[in-house]
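**Student:** Got a structure for you, questions after.
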Amino acid sequence: MSHPETKQLFADYVAPTYGRYDLELERGEGVRVWDERGKCYLDFGAGIAVSVLGHGHPAIVEALSRQSRRLIHTSNLYFTRPQGELAKRLVEIVGTPGKVFFSNSGAEANEALIKLARKYGNDEKRKSATARFEIITFEQSFHGRTMAGISATGQEKVKAGFAPLLPGFRHLPFKDLAAVERGISEQTVAILVEAIQGEGGINPATPESAIEYVLDRLDLILVMTVNPGFGGQAFIPAMLDKIARVTRMIGDRKIHIEVDGGVGPETAPLLARAGANVFVAGSKVFEGDPKAYGAHIEAIRAAA
């Protein structure tokens, strides 16, 4: 297909939700991709932290092919072994008791964690007069482009044109523990923080000791989002080790971690013991499929 034809297909039939580069990619191998004219490029983006083992990795191709021949998709109405095996492996890596909720995107993972915090606050209403619902997030944060995601995001450019937004979010200065302590109210149920802000600039969060300090003093849920995919194969075990160290330090307290990237766009919030059973049947619908679970298992093995 010629250069103009691909762009014209997009102009005619694809919703213009992204500002795309003037580049029509056709194939990839390892860390290289080729456009329709045959020009080769190094792929430093990895599909926004997705293809972290490169294109056409033999283990991933075999896992997808094998599972496609066996069982493509079943929905969440049934048990499939790859899902259980991957969940077990992720919990083992983190090193503290918990459960995994699989989803299809970072935005959906954040939606799940926002719902978990709200449900936790509503469930404890039985013990108090009112339900806690407020979630603290931070300036320059990014939590997806769903309505809840942009409401939680601390950037006005993301919110423009979508008012009225969902209530219940408070944006505070990033890495300012004093501001967090002042901002916590009787309605606050959770703190939503990125380990490293990406959309807001490469901006690492406050050291873990501050997180532990807040959780020690207050009955709050901490929701931490991380993206282990970006940066290539070597970054996966490094970030997983980081998650494990943070979670072991906090122990069984209410920390929930969204892990993005790895092989496909699927994400996996890790629900700590205190929140692992807040969701019940019917609380969420969408998740990945056996092909994705099998591919992620192979990605972890390859990156080890």
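**Student:** Taking the criterion of being at pLDDT 80 or above and touching a Gly at 6+ places or on another chain (Cβ under 6 Å), would at least one residue in the range 181-196 satisfy it?
**Tutor:** Within the range 181-196, the first condition is being at pLDDT 80 or above, and the residues that meet it are 181-194.
With the extra rule that they be touching a Gly at 6+ places or on another chain (Cβ under 6 Å), the set shrinks to 189.
Yes - at least one qualifying residue is present in the range 181-196.
**Student:** Which one of these does residue 70 not meet: (1) surrounded by 13 or more Cβ atoms within 10 Å (Cβ to Cβ); (2) of a type in the set (D, E, K, R); (3) touching a residue at least 40 places away in the same chain (Cβ under 8 Å)?
**Tutor:** Every condition holds for residue 70 apart from (1).
**Student:** State which residue is surrounded by the fewest Cβ atoms within 10 Å (Cβ to Cβ) when the search covers only the range 27-58 and only residues that are within 25 Å of residue 104 (Cβ to Cβ) and among the charged types (D, E, K, R).
**Tutor:** 27
**Student:** Between 37, 27, which is in contact with a helix residue (DSSP H, G or I) (Cβ under 8 Å, 6 or more places away or on another chain), outside the structural domain of residue 294 (by TED's automatic domain parsing), without any contact (Cβ under 8 Å) to a residue 40 or more places away in the chain and of a type outside the set (Ser, Thr, Tyr)?
**Tutor:** 37
**Student:** Please state which of the following conditions residue 33 fails to meet, knowing it meets all the rest: (1) outside any loop (DSSP other than H, G, I, E, B); (2) within 20 Å of the chain's Cα centre (by Cα); (3) β-branched (Val, Ile, Thr).
**Tutor:** Status for residue 33: all satisfied but (2).
**Student:** So, in the range 84-142, how many residues would count as being over 23 Å from residue 48 (Cα atoms) and assigned to a loop (DSSP other than H, G, I, E, B)?
**Tutor:** Count: 9.
**Student:** Checking the condition touching a residue at least 12 places away in the same chain (Cβ under 8 Å) and either assigned to a loop (DSSP other than H, G, I, E, B) or crowded, with 17+ Cβ neighbours inside 10 Å (or both), which residue from 190, 163 passes?
**Tutor:** 190
**Student:** Could you list all residues from the range 17-59 that are farther than 30 Å from residue 146 by Cα and of a type in the set (A, V, I, L, M, F, W, C)?
**Tutor:** If the condition is that a residue be farther than 30 Å from residue 146 by Cα and of a type in the set (A, V, I, L, M, F, W, C), then 31, 33, 34, 40, 42, 59 are the ones that fit.
The values are calculated or read from the model by the stated rules, or taken from the named source; none is laboratory data. As the structure is a computational prediction, the values presented were derived from the model and not from experiment. For neighbour counting, all protein chains shown are included, and Cβ atoms are generated from backbone atoms with ideal geometry for every residue, glycine included.
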